Each structure stands twice: as structure tokens, then as C-alpha cells.
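The structure under discussion appears below in the form of C-alpha cells.
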């Protein structure tokens, strides 16, 4: 110790060591997994435009377009290498938070759950939490008020324990009790850093004709944002979510006018739903285009692309999805309306295999998020 104190270089080394040890004590007991200890520090500050990526695990993150990414929400297995790399690019890495709403009515349970999340984030050198609760909640019920309290208490705890941390909450594409999720949306938005609007699966409850439709029609999507804003939510506390996947529907019948009748699959009271189809990632849809007898078509009403194909068993299918054209329209709205940013579910839906065509398609989807 005396030798270290004997020179300016020694004093600098000691100071760096003390800073690092303090960081270890504050953030977790495990050794920093990054080559540079500085990368284990929480990301502080914010950028003017948020680009939030949901990562579901694996190694595809190595091929993401990191130019604009500001937050990565880990919905798969935690990867310390991903954390280190994201921090090197100035991007936050946040936990997924989910808990039974019936349990959070108890304040003691809430406090314990929040403490667990904070400690986990510290141990993993993460920068916050994305709360993804998509359960039924009745308006003015005990769960209604408890959920708002949970968000506020989580935000307060993270901000206190991890300076610069970020707490966000995922909300439905519109506030009209979608799938019986009647949340206190204004209260939740006020209680966290921003809300992420899941503008997809918009056909989860279909009350009209049982036909295939766009996953996230432009006008329907934008109407949802306008409702939130009219409720009093500051546009800058809203991040738009877009789907990097679509739905493949089996048609009971398919007309020349592209009307695909689908099976009646009820969901939470509605007679029809997108559960009649199956989710397909964008990379799968691009592969399906090769066997399509229509190629990619455009629907002017929904401002969304679709295609049709005939399966080997002779059954017709209709596939609805989003592509760079439809996403660019939504991204333009984000800019014009002054929303905080954009994000997608999920970052692993694209083809990162490296082929020329796949590379072009993948890059176009990333670029569509941030129009000039």
C-alpha cells in the first residue's frame, strides 16, 4: 500500500482500485465479467430517441444493428457478454419483470418482489427492468390499484439503488381493456420512465367477421396512440412497439378479392381471434414468399403487406405481417407526434445467416425503425 501511495501513478491505481471495489460492493458480490471493469457501471443519461430491442436469447445479438439501440430487454437467458457489449455501445440492459397480480395486492409481497428484482439487476450489472404484466385486471379492483403501486414502488427502488436505471412498463395497443386488461394507464405512465405500447396482436379479440386481418393495421394502431395521448399521457413517455412477425392463417375459403375466412377461435369473450393463425417470424415469411402464388401484396385499408400460398395438402393460406414499408409509416408517426421512440418484438425474428438477400432484408427492417 505504501509503495502504491509513493507516486502519482500509484495513487491513480489505488483510486481506480477503490472505485472498482466500491462498485462491486454496491452492485453485487460477483466479479465483473467484462474485460474493462468500467463496463459494469450502470448506463446513465438518456438519448433523444429510444430504440428498445427485446432479446429472447441465443447469439443473434452479435449481428444486431447497434447504431441506434438504446435499451435491450432480456427476455431470454442472461448473457454477461451481451451486457458488456451493450454497455460498450452506451445501451442499457434491463430485466424482464412479471408477477401474479393477485399477489401484489399485499404490500409486503410487493416490497419483497421489488427487492429481489433490484438485487438481481445489481448482481448482473443491469440497468433497470421492463415490467411485462399482461394479465386480466378489472377497473377499480384491488389489483388495479396494486399494479399502479407496484410500478411506482419499483421505479422508486431502482432509481434509488441503481442511479441512472430505467423502469418501463408494457401496455396494450389501446386503452380499451384489451384482453380484459383494464389498467390505470395514466397512473402507470406517470409512475415509470416510459411505457412501451405493444402495437401488435391487435386481432386478439375479433368481434366482427371471422376473416384474416393485418396484425397491426396502421389506422387502428395510430388510433390507439391518440387515445393514450388524449387520456393525458405525455407523448414523450410513449415508445411505439412494432412486430417483426406476422400471422399465417389457414383459410376455410379464399375469394378472388383476398377474403380469407378463418376458424372461430374464441378468446376472452370474443368469438374470433388471431389464435386461428400461427405466429411466423419475418425471416420465415420471407422464405414463404418463394412458394407464394401471389407474391407480396399491399392492402390499402390496413396499409400492410400480405401474401397467399397453397400448402401441399391443397389448403390456401393467407399471411399478414409488417415489412419496412409498413414500419416506416409508423416510425414517421413516432417522429411527427413526438413519441419517445420505437422498439420491436423481437430482435431475433430476422435472418442473420449472412446471405446477400437475407442481409438486405434484415438491414431494411432495422433501418425502417429510424427514418431520416
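The values are calculated or read from the model by the stated rules, or taken from the named source; none is laboratory data. Please read all numbers here as calculations on a predicted model, not as lab measurements. No Cβ is skipped: glycine too gets one built from the backbone with ideal geometry, and neighbour counts run over all protein chains shown.
For the stretch 168-181, a residue qualifies if it is assigned to a loop (DSSP other than H, G, I, E, B) and under 22 Å from residue 75 (Cα atoms), and exactly one does: 173.
To keep it simple, each residue is scored yes or no on (1) touching a strand residue (DSSP E or B) at 6+ places or on another chain (Cβ under 8 Å); (2) in a loop (DSSP other than H, G, I, E, B); (3) modelled with pLDDT of 90 or more.
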position	(1), (2), (3)
20	no, no, no
23	no, no, no
30	no, yes, no
39	no, no, yes
53	yes, no, yes
58	no, yes, yes
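Among the residues of the stretch 40-60, the one identified as farther than 22 Å from residue 167 by Cβ and buried (at least 16 other Cβ atoms within 10 Å of the Cβ) is 60. Only one entry of 329, 350, 307, 339 meets the criterion of being out of contact with any strand residue (DSSP E or B) (no Cβ under 7 Å at 6 or more places or on another chain) and buried (at least 21 other Cβ atoms within 10 Å of the Cβ), and that entry is 350. Return yes when residue 253 is farther than 30 Å from residue 338 by Cα and surrounded by 15 or more Cβ atoms within 10 Å (Cβ to Cβ) and no when it is not. Here the answer is no, as residue 253 does not meet what is asked. Restricting 314, 284 to residues that are on the phi > 0 side of the Ramachandran plot and out of contact with any helix residue (DSSP H, G or I) (no Cβ under 7 Å at 6 or more places or on another chain) narrows the list to 314. Could you tell me whether any residue of the stretch 289-301 is surrounded by 18 or more Cβ atoms within 10 Å (Cβ to Cβ) and in contact (Cβ under 8 Å) with a residue 40 or more places away in the chain? No, the stretch 289-301 has no match at all. Inside the stretch 288-307, can you point out the residues that are over 22 Å from residue 220 (Cβ atoms) and at pLDDT 95 or above? Answer for the stretch 288-307, where residues must be over 22 Å from residue 220 (Cβ atoms) and at pLDDT 95 or above: 292, 293, 294, 295.
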